[in-house]
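In what follows, a structure is listed as structure tokens, so that the remarks can point back to it.
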């Protein structure tokens with residue numbers, strides 16, 4: 001059945017009630033049943049990724065009640081339209097690996113749509129989301145680079161400890177502005193790395209001079225150091241946030 005034992009209208013009316021401050025026990029049970037109805041689609045997607053792509057995705061089975069409520073309040077969307085009730089995540093080294101994996105996901109999941117948040121970041125959040133339609137449900141596969149994932153983890157932690165609005169472009173400027181700048185720095189370094197790699201593949205060959213090889217290696221080394229610096233910056237922010245959480249009790 002399309003929405004478990006519930007009609008689309010019932011699901012959307014449930015979504016309207018979820019937006020309110022108080023949710024009845026019946027509504028919580030109904031939402032839980034709806035969330036669990038995505039299990040088969042989620043398991044199918046995980047199975048195909050493991051079997052067909054030989055990868056091990058991570059992540060949750062179903063979006064939490066609080067996350068669903070936040071999304072319904074934040075966006076002009078109905079509960080039946082939310083495409084990431086169920087999802088998983090795959091983290092890859094860089095942009096070229098990200099593009100390659102998205103192409104492979106398109107191949108094994110012909111019935112999918114791709115949302116590229118690298119081109120249009122969501123308040124600093126960058127990733128590629130592949131939304132798979134399977135077994136009358138949607139399941140989202142998040143494909144992130146290591147640095148995109150580090151930034152997302154840092155943003156999530158800052159939202160939990162400092163202010164939930166940080167994830168959505170609000171919250172204290174002392175945190176929201178540096179997080180946005182950090183995201184931009186990550187994007188710049190990853191794009192430079194991608195261009196250097198593509199140029200090397202196109203030009204490197206038997207006639208590639210020693211000087212050109214030296215320049216390429218220097219750029220590659222500088223990029224690796226910059227990526228490590230940005231990764232360490234995320235780790236330092238997470239440590240700071242963990243300390244703040246302990247202080248809060």
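The values are calculated or read from the model by the stated rules, or taken from the named source; none is laboratory data. Here the structure is a predicted model, which means the values were calculated and not measured. We place every Cβ from the backbone using ideal geometry, glycine too, and count neighbours over all the protein chains shown.
Before moving on, here are some points about what is shown:
- All of 71, 63 fail the test of being within 17 Å of the chain's Cα centre (by Cα), assigned by TED's automatic domain parsing to the domain that holds residue 15 and assigned to a loop (DSSP other than H, G, I, E, B), apart from 63.
- Whichever residue in the stretch 90-115 is in contact (Cβ under 8 Å) with a residue 60 or more places away in the chain and under 21 Å from residue 135 (Cα atoms) and, among such residues, is surrounded by the most Cβ atoms within 10 Å (Cβ to Cβ): 109
- Counting the residues of the stretch 121-153 that are part of a helix (DSSP H, G or I) and buried (at least 24 other Cβ atoms within 10 Å of the Cβ) gives 3.
- Condition check for residue 183: under 30 Å from residue 43 (Cβ atoms), in contact with a helix residue (DSSP H, G or I) (Cβ under 7 Å, 6 or more places away or on another chain), buried (at least 20 other Cβ atoms within 10 Å of the Cβ) and outside the structural domain of residue 75 (by TED's automatic domain parsing): no
- Test result for residue 56, at pLDDT 90 or above and in the same structural domain as residue 88 (by TED's automatic domain parsing): yes
- You will find that of 69, 74, the residue that is surrounded by fewer than 16 Cβ atoms within 10 Å (Cβ to Cβ), closer than 30 Å to residue 17 by Cα and touching a residue at least 40 places away in the same chain (Cβ under 8 Å) is 74 and no other.
- Failed condition for residue 55, given (1) in contact with a helix residue (DSSP H, G or I) (Cβ under 7 Å, 6 or more places away or on another chain); (2) without any contact (Cβ under 8 Å) to a residue 24 or more places away in the chain; (3) in a loop (DSSP other than H, G, I, E, B): (2)
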